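J.: The following block contains the structure, expressed as structure tokens.
The values are calculated or read from the model by the stated rules, or taken from the named source; none is laboratory data. Given the structure is predicted, the values throughout are model-derived calculations rather than measurements. Cβ: placed from backbone, ideal geometry, glycine included. Neighbour counts: every protein chain shown.
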Amino acid sequence: MTESSEEPPKRKRGLAALSPERRRAIAAMGGRSVPAEKRAFSQDPQFAAKAGRKGGTLAKAENRFFSRFPEKAVLAGQTSAEMRRAKAEAEVAATAMEKPTTES
């Protein structure tokens, strides 16, 4: 018996094996798994804030991304339009620093 060097083609598994329509239908169900009135955080903002603080204190500071990179924390709170504007301003400032001004 001789071994074949060709491997059988890999079959798609899980969601990749489903049709695009079926994947869309499953994705659309994502937010409907629990009714809004049963979601604790949507009903009680103080409870959500307390849980967030608790999670933040359990993580070591050196493992918290935004603790290590505070400039990224600032960017995370900005909208994409604000980020584009800040990037454009930074580029203008950088080019202004590169070009020497010549006055006669």
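J.: Residues SER80, SER67: which one is of a type in the set (Ser, Thr, Tyr), modelled with pLDDT under 80 and either on the phi > 0 side of the Ramachandran plot or surrounded by 10 or more Cβ atoms within 10 Å (Cβ to Cβ) (or both)?
T.: The unique qualifying residue is SER67.
J.: Across the stretch 85-104, what is the number of residues that are at pLDDT below 80 and in a helix (DSSP H, G or I)?
T.: Qualifying residue count, the stretch 85-104: 3.
J.: Here is a follow-up. Tally the residues that are surrounded by 10 or more Cβ atoms within 10 Å (Cβ to Cβ) and in a helix (DSSP H, G or I), restricting the search to the stretch 25-47.
T.: 8
J.: Under the condition of being in a helix (DSSP H, G or I) and small (Gly, Ala, Ser), which residue from the stretch 48-64 is modelled with the lowest pLDDT?
T.: Applying the filter and picking the extreme gives ALA61.
J.: So the check is Cβ under 8 Å with 6+ separation or different chains; which pairs have a first residue in the stretch 1-22 that's modelled with pLDDT of 90 or more and a second one that's surrounded by fewer than 10 Cβ atoms within 10 Å (Cβ to Cβ)?
T.: Short answer, once both residue conditions are applied: ALA17/ARG11.
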